[in-house]
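For reference, the structure is listed below as structure tokens.
The values are calculated or read from the model by the stated rules, or taken from the named source; none is laboratory data. Note that the structure is predicted; figures quoted are calculated from it, not measured. Quick reminder, even Gly has a Cβ in these numbers, built from the backbone with ideal geometry, and neighbours come from all protein chains shown. Each accessible area value is taken on the protein alone, full model and side chains, heavy atoms only, with ligands, DNA and RNA left out. Shrake-Rupley method; radii C 1.70, N 1.55, O 1.52, S 1.80 Å.
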Amino acid sequence: MTRSAMPTGVCPDGPRGPRCVASKGSVFLAQRAGAPMVPLANSFKRRKLFNTWDRFVVPCPFTRGVIVFGPPILVPKDASEAVIEHKRKELEQALNAVTAQADAHFGR
């Protein structure tokens with residue numbers, strides 16, 4: 001795998017939130033890199049849920065887990081500010097959808 005093809009993960013709601021609201025940073029990064037954004041979420045059968053702004057989750061040892069991927073979201077290199085905002089909302093909706101799917105797997 002070449003250096004330019006290395007997969008990268010980004011937490012799109014940023015280090016300070018708000019929770020479940022995607023920031024434009026991920027969209028700008030995808031635009032400049034020419035790479036698709038692939039929404040994904042995970043959930044675990046047994047977990048410790050922290051009472052923090054982002055509701056940080058730590059899976060319990062030996063628990064079962066699931067990872068759900070959504071379809072890739074492409075951002076054109078020449079995207080206008082309106083297209084960037086549209087892609088941000090599309091990412092946010094896709095992340096919320098895969099999170100709901102992952103949690104539903106364990107009855108949440």
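Among the residues of the stretch 67-82, which ones are of a type in the set (A, V, I, L, M, F, W, C), open to solvent by less than 50 Å² (accessible area, probe 1.4 Å) and either touching a Pro at 6+ places or on another chain (Cβ under 7 Å) or within 14 Å of SER23 (Cα to Cα) (or both)?
ILE73
Return only the number of the condition from (1) surrounded by 14 or more Cβ atoms within 10 Å (Cβ to Cβ); (2) in contact with a helix residue (DSSP H, G or I) (Cβ under 6 Å, 6 or more places away or on another chain) that LEU29 does not satisfy.
If we test LEU29 against (1) surrounded by 14 or more Cβ atoms within 10 Å (Cβ to Cβ); (2) in contact with a helix residue (DSSP H, G or I) (Cβ under 6 Å, 6 or more places away or on another chain), just (2) comes out false.
When you go through THR52, THR63 one by one, which is the residue that is in a loop (DSSP other than H, G, I, E, B), open to solvent by less than 80 Å² (accessible area, probe 1.4 Å) and either without any contact (Cβ under 8 Å) to a residue 12 or more places away in the chain or touching a Pro at 6+ places or on another chain (Cβ under 6 Å) (or both)?
THR52
Output the residue which, of all residues in the stretch 1-26 that are open to solvent by 100 Å² or more (accessible area, probe 1.4 Å) and over 18 Å from ALA102 (Cα atoms), is modelled with the lowest pLDDT.
Among those residues, the one meeting the criterion is MET1.
Could you tell me which residue of the stretch 76-108 is nearest to the chain's Cα centre (by Cα), considering only residues that are part of a loop (DSSP other than H, G, I, E, B), of a type outside the set (D, E, K, R) and under 26 Å from ARG55 (Cβ atoms)?
PHE106
Just to check your reading of the model, which residue among ALA41, ALA22 is within 11 Å of the chain's Cα centre (by Cα), touching a residue at least 60 places away in the same chain (Cβ under 8 Å) and part of a loop (DSSP other than H, G, I, E, B)?
ALA22
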